[in-house]
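Peer 1: Sharing a structure below in structure tokens format, with a few things to ask.
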Amino acid sequence: MGTTIERATVGIVGAGPAGLMLAHLLARAGIDTVAIDVRTRHEIETTHRAGILEQDSMRLLVDSGVSDRVLRDGHEHKGIELRFDGRNHRIDFHGLTGASTYLYPQTDVFIDLADARERDGGDVRFGVSGTAVTGIDGGAGQTPTVRFTDADGARVELRCDYVVGADGSHGTCRKLVPETLRRRFFREYPFAWFGVMVQAPPSAPELIYNRSERGFALISQRTEDLQRMYFQCSPGEDPDAWSDDRVLTELQARVAGGDGFELKTGPIAEKTVLPFRSFVQEPMRYGYLLLAGDAAHTVPPTGAKGLNLALADVRLLAEILERAVHGGDPAALDEYTDRALDRVWKAQHFSYWMTTMMHSLDPSAEVTPFDERRQVGELRTLVESESGRRFLAEGYTGWPGR
Ligand code: PHB
């Protein structure tokens, strides 16, 4: 079979939330795109990810016309509980900053975006293979090109003006930036999260971030009868070695306290161990290639910044590409790395800070008495100070754009 040559102003590698949100925003600006993904739509829809949207992420979905389902099916959360020493300390986001967060799983964000692309006649191709990107460095006579084989086995050569790499932390686009020009920053942590879906009603009205001497636990939610919970574990933990009973006993032991708090329990629908790392690759633009979301950076899940950061990247990228394509201002691309990294590094710090404040830092060590005491000292300082609570609230609900 031969190769079909096609054209798009922007070729988007990766059709997860970042890629599809960008395609949607560019379509509104009259810029055509083709988005491709190696995964099928079903695979993306059924991979559980985080569940918290910043207020600006919620507004982006609603105001740009993706969907207003988040207003109906999502839940506004005006704060969180920080729990340590066996009792809750509420951080009142709304009272401190005027902003809320929204419980709305990433899978729903993806479904809304994929539906919106279908509704608007967008060109999205799932289940492709053999993706190869060439011609992005701006050399004479080069055309940025994305080659792939579509789900029906047809070979396509997509010629573009720009290529966006939104293909996640395991994607290939970030590797296209030459080693001599890129810099990678990362931090590994000696722990991971054990994530479960519990068929039970919510145990509390808001999320509980819990620190205990047994390690961190997060009590999150999904629906009236399905809850998302996590607890800190070692990176090599085998989910199958944990019976439902053992998981629920461990979670309860971590949240136990003098206030008698008890988790609502039920059968466990799913168990996974989530990797945990901080990563940034700079710059986020090389020639005609622009990286967005996890393709450029990863944060640990404490603080739920990953999806929000990806959406902020593409909101900025849509503005910049519109200026480059329609405004006769190709130099706009030069702004992307610095403007995006401003938020990226704030979010890196925030996620690292939330993580190191609440996890057992070296669970393999017999005792880490200094850190144990120091963390509780930090948490007390934070919750007893309005400035401290506001610092957390501003970070959690998200910073204004630059
Ligand atoms: C989730 O509900 O999956 C979730 C919420 C908050 C986090 C991480 C994950 O910080």
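The values are calculated or read from the model by the stated rules, or taken from the named source; none is laboratory data. These numbers come from a predicted model, not from an experiment. Neighbour counts run over all protein chains shown; Cβ positions are idealised from the backbone, glycine included. We work out accessible area using only protein heavy atoms, side chains counted, and drop any ligands, DNA or RNA first. Shrake-Rupley method; radii C 1.70, N 1.55, O 1.52, S 1.80 Å.
Peer 1: Checking understanding here: applying a Kyte-Doolittle mean of at least -1.0 and a length along the axis of at least 18 Å (C-alpha), which whole DSSP H helices in the chain pass? Each step should come with its number before you reach the end.
Peer 2: Values: long enough: 106-119 (19 Å, -0.59); 306-325 (28 Å, 0.97); 336-358 (33 Å, -0.60); 369-384 (23 Å, -0.93).
Length and hydropathy pass: 106-119, 306-325, 336-358, 369-384.
Peer 1: Calculate, in nm to one decimal, what Glu335 and Glu270 gain on full extension: separation in residues at 0.36 nm each, minus their alpha carbon distance.
Peer 2: Between Glu335 and Glu270, full extension yields an extra 19.1 nm.
Peer 1: Could you work out how far the C-alpha centroid of segment 74-136 sits from that of segment 317-382, in angstrom?
Peer 2: 17
Peer 1: At a temperature of 4 °C and a viscosity of 1.567 mPa s, determine how fast segment 25-80 diffuses translationally according to Stokes-Einstein, using the Kirkwood radius over alpha-carbon pairs as Rh; express D in µm²/s, rounded to the nearest whole number. Provide the component values of the computation, followed by the final result.
Peer 2: On the way: Rh = 13.9 Å.
The diffusion coefficient I find is 93 µm²/s.
Peer 1: May I ask you to compute the full-extension gain from Asp92 to Glu262, defined as 0.36 nm times their residue separation minus their alpha-carbon distance, rounded to one decimal in nm?
Peer 2: Numbers: separation 170, 0.36 × 170 = 61.20 nm, distance 2.25 nm.
Answer, rounded to one decimal: 59.0 nm.
Peer 1: Counting pairs of alpha carbon atoms under 8 Å apart in space and at least six apart in sequence, what relative contact order in percent does segment 73-199 give?
Peer 2: Numbers: 121 pairs, mean separation 15.6, N = 127.
Worked out over segment 73-199, it gives 12 percent.
Peer 1: OK, next. Given a 1.4 Å probe and the protein chains all in place, what does the accessible area of Met229 round to, in Å² to the nearest 10?
Peer 2: Roll a 1.4 Å probe over it and Met229 shows about 0 Å².
Peer 1: Near Lys346, which lysines are there with a Cα under 16 Å away, not counting those fewer than 8 places off in the same chain?
Peer 2: By straight Cα distance, Lys346 reaches Lys305.
Peer 1: Over segment 211-295, average the accessible area per residue using a 1.4 Å probe and give it in Å², no decimals.
Peer 2: On the way: 3620 Å² over 85 residues.
Heavy-atom SASA per residue in segment 211-295 reads 43 Å².
Peer 1: Another question, if that's okay. Taking Rh as the Kirkwood radius computed over C-alpha pairs, what is the Stokes-Einstein D of segment 295-402 at 25 °C in a medium of viscosity 0.890 mPa s, expressed in µm² per second? Kindly include the intermediate steps, with their values, before the conclusion.
Peer 2: On the way: Rh = 16.1 Å.
Taking Rh from Cα pairs, D becomes 152 µm²/s.
Peer 1: For the chain, what is the calculated [θ] at 222 nm in deg cm²/dmol (nearest 500), taking -39500 (n - 2.57) for each run of four or more DSSP H residues and dividing by its residue count?
Peer 2: Numbers: 11 runs with 133 residues, N = 402.
Roughly -10500 deg cm²/dmol at 222 nm, from the helical runs in the chain.
Peer 1: Just the accessible area for Trp345, please: 1.4 Å probe, Å², rounded to the nearest 10?
Peer 2: Result for Trp345: roughly 100 Å² accessible.
Peer 1: Here's another thing I want to ask about it. Checking the a/c ratio against 1.5 first, then a/b against b/c, what shape does the Cα gyration tensor give for segment 342-402?
Peer 2: On the way: a/c = 4.27, a/b = 1.63, b/c = 2.62.
Cα axes put segment 342-402 in the oblate bin.
Peer 1: On average, how much accessible surface per residue is there in segment 1-102, in Å², for a 1.4 Å probe, leaving out ligands, DNA and RNA?
Peer 2: Numbers: 4150 Å² over 102 residues.
Per residue, segment 1-102 has an accessible area of 41 Å².
Peer 1: Could you work out the relative contact order of the chain, using alpha carbon pairs under 8 angstrom and six or more residues apart, expressed as a whole percent? Intermediate values should be presented prior to the final figure.
Peer 2: Numbers: 815 pairs, mean separation 80.8, N = 402.
It comes to 20 percent, rounded to a whole number.
Peer 1: Something else about it: Mind listing the long-range amide H neighbours of Ile80? Cut-off is under 5 Å, sequence gap 5 or more, other chains count too, H placed in the peptide plane at 1.01 Å from N.
Peer 2: Ile91, Phe93
Peer 1: Under a 10 Å cutoff between Cα atoms, tell me which one of Asn88, Asn210, Asn308 has the largest fluctuation in the Gaussian network model of the chain.
Peer 2: It is Asn88.
Peer 1: Further question on the same structure: Once the whole set of protein chains is in place, how much accessible area is left on Arg90, using a 1.4 Å probe, in Å² to the nearest 10?
Peer 2: 100
Peer 1: Give me the distance in nm between label points sitting 7 Å out from Cα along the Cα-to-Cβ direction at Leu181 and Ser243, one decimal.
Peer 2: Inter-label distance under the simple model: 5.8 nm.
Peer 1: Please turn the phi angles of segment 66-82 into ³J(HN,Hα) values with the Karplus equation 6.51 cos²θ - 1.76 cosθ + 1.60 (θ = phi - 60°), one per residue in order, whole Hz, x for glycine and proline.
Peer 2: Result, ordered by residue: 5, 5, 9, 4, 4, 6, 8, 9, x, 10, 6, 10, 8, x, 9, 9, 9 Hz.
Peer 1: Now for a separate question. Please list, short to long, the whole-number percent of alpha-carbon pairs of the chain in consecutive 10 angstrom bins beginning at zero.
Peer 2: So the P(r) values, bin by bin, are 5, 22, 31, 24, 13, 5, 1, 0.
Peer 1: Suppose R0 equals 25 Å. What FRET efficiency, 1/(1 + (r/R0)^6) with r the Cβ-Cβ distance, do Gln199 and Thr47 give to the nearest 0.05?
Peer 2: Details: r = 19 Å, r/R0 = 0.78.
It comes to 0.80.
Peer 1: Carbon and sulfur together cover what percent of the accessible area of the chain at a 1.4 Å probe radius? Don't skip to the answer; put the middle values down first.
Peer 2: Values: 8300 of 17060 Å².
After summing per-atom areas, the C and S share lands at 49 percent.
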